[in-house]
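**Q** Have a look at this one.
None of the figures in this text is laboratory data; all of them are computed from the coordinates on show. None of these values were measured; they are calculated from a predicted model. Here the Cβ positions follow ideal geometry from the backbone for every residue, glycine too, while neighbour counts run over all protein chains shown.
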């Protein structure tokens with residue numbers, strides 16, 4: 001779950017005004033030809049052109065921006081100051097330290113939570129509403145992702161690329177699927193979905209390289225028997241997807257499966273479940289955006305009140321909140337500075353005492369003058385309240401709770417970015433957003 005590349009690629013140098021205003025101008029100019037060579041080698045020319053176009057449009061004021069309320073964010077200089085973030089509350093929410101330090105949590109029926117704790121990331125636990133352990137299962141490797149389907153089947157993905165399933169409330173787990181590589185997994189919440197007919201679909205995620213280039217693992221796996229057996233298609237790889245699957249979600253608006261991919265093309269696709277599971281040769285998966293500049297490759301998604309909301313993944317570039325009611329026309333709103341460089345890694349709904357809130361997690365750890373942000377909307381994305389702002393160089397915020405229903409509380413985990421070999425992030429503290 002915390003396996004994110006934190007090293008900035010030489011092919012992802014942002015085109016900003018600061019490029020020529022910083023002290024190390026000569027060094028950057030000398031490195032520029034190498035960067036261009038890498039961009040061409042990795043087939044990122046279209047992406048670079050899109051970044052330049054969006055940059056120019058932003059500075060000319062041609063983009064409509066998302067609307068922030070007048071409430072200023074709380075500035076978090078250090079997450080070690082626990083009392084600072086505990087001051088964050090208004091009429092609809094408050095933030096408190098979680099009783100349990102969840103690494104990930106799935107809220108199930110019967111007031112039970114299934115997940116794992118930072119103290120033991122290899123152990124899956126089921127905990128009731130009195131914080132008593134109902135059952136637990138020790139695995140050989142760390143848990144990277146988790147899902148519980150509508151009838152209670154528990155699906156976990158380990159740090160060795162193996163997926164285990166349990167249909168008997170955790171009494172037994174069977175290894176029913178092994179992904180392409182031990183470093184592959186599905187993204188928590190966004191990389192797995194279930195159709196109304198109970199078909200479970202997984203999108204494979206991983207950052208694999210061969211000879212300096214990414215090796216695609218953009219496979220789609222599906223199970224029609226509750227995770228006991230799996231079939232897969234590599235249709236997106238054949239279509240040129242060169243990296244992995246960002247998003248696999250079922251849309252209630254168009255009754256189709258929505259998929260997005262990374263890295264170079266960043267496309268969005270859709271297909272009917274029958275086209276996926278009933279294909280004899282190639283499934284009929286349709287592309288939304290044929291050109292990179294039309295936006296795609298979204299990393300976050302939700303639907304509410306017949307409206308779909310997407311968050312983009314242009315790390316170091318210009319990012320947008322994109323909405324649609326029809327999946328025919330899309331409306332994009334740019335995220336303004338100083339948060340513009342932040343991909344929208346998560347969008348979540350929370351049921352508060354005043355209605356449905358939408359929470360968004362914007363993070364960037366590569367650009368020195370960029371700020372990261374957690375924000376919330378109480379009017380279905382029409383306007384946003386900046387909750388807290390922090391430096392993404394030092395810390396990262398993860399939304400680590402999920403449920404098949406709209407949650408009453410959201411669990412967020414704060415980590416400290418590390419430069420130590422083999423350790424990208426160190427967990428600090430877990431908070432819960434609640435009424």
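**Q** Put a dot 7 Å past each Cα toward the Cβ at residue 294 and residue 394; how far apart are the dots in nm?
**A** Here the answer is 4.4 nm between the modelled labels.
**Q** Further question on the same structure: Give the dimensionless ratio obtained when the Cα radius of gyration of the range 223-296 is divided by 2.2 N^0.38 Å. Walk me through the numbers before you get to the answer.
**A** Working: Rg = 12.7 Å, N = 74, 2.2 N^0.38 = 11.3 Å.
The range 223-296 yields a ratio of 1.12.
**Q** Still on this model: As an exercise, find the ratio Rg/Rh for the range 324-384 from alpha-carbon atoms, using the Kirkwood inverse-distance average for Rh. Provide the component values of the computation, followed by the final result.
**A** Details: Rg = 13.3 Å, Rh = 13.0 Å.
We get a ratio of 1.02 for the range 324-384.
**Q** With all pairs of different alpha carbon atoms counted, what Kirkwood hydrodynamic radius in Å does the range 203-251 show? Don't jump to the answer; show the numbers that get you there.
**A** Values: mean 1/r = 0.0848 Å⁻¹.
That comes to 11.8 Å for the range 203-251.
**Q** Let me ask something else about it. Report the paramagnetic label zone for residue 92: residues of the range 339-357 whose backbone N is under 12 Å from a point 7 Å from Cα along the Cα-to-Cβ axis.
**A** Hits in the range 339-357 for residue 92 at 12 Å: 349-357.
**Q** If R₀ is 25 angstrom, what is the calculated FRET efficiency for the pair residue 174 and residue 120, using the beta carbon separation as r and rounding to 0.05?
**A** 0.70
**Q** Hey, what's the Cα Rg ratio for the range 177-228 versus the globular rule of thumb, 2.2 N^0.38 Å?
**A** So the Cα radius of gyration is 1.28 times the expected 2.2 N^0.38 Å.
**Q** Kindly rank 388-401, 118-131 from highest to lowest mean number of other beta carbons found within 10 Å of each residue. Kindly include the intermediate steps, with their values, before the conclusion.
**A** On the way: 388-401: 21.3, 118-131: 15.1.
Descending packing order for the listed peptides: 388-401, 118-131.
**Q** Rg(Cα) of the range 146-185 divided by 2.2 N^0.38 Å?
**A** 1.15
**Q** Here is a follow-up. What area, in nm² and to one decimal, does the C-alpha convex hull of the range 256-405 cast on average over all directions?
**A** Computed as one quarter of the Cα hull surface, the answer is 10.2 nm².
**Q** Stretched out fully, how many nm does the piece from residue 69 to residue 130 gain, at 0.36 nm a residue minus the Cα gap? Intermediate values should be presented prior to the final figure.
**A** Numbers: separation 61, 0.36 × 61 = 21.96 nm, distance 3.79 nm.
Taking 0.36 nm per residue and subtracting the Cα distance, the gain is 18.2 nm.
**Q** Based on a Kirkwood Rh over C-alpha pairs, give the Stokes-Einstein translational diffusion coefficient of the range 348-435 at 37 °C and viscosity 0.692 mPa s in µm²/s.
**A** 233
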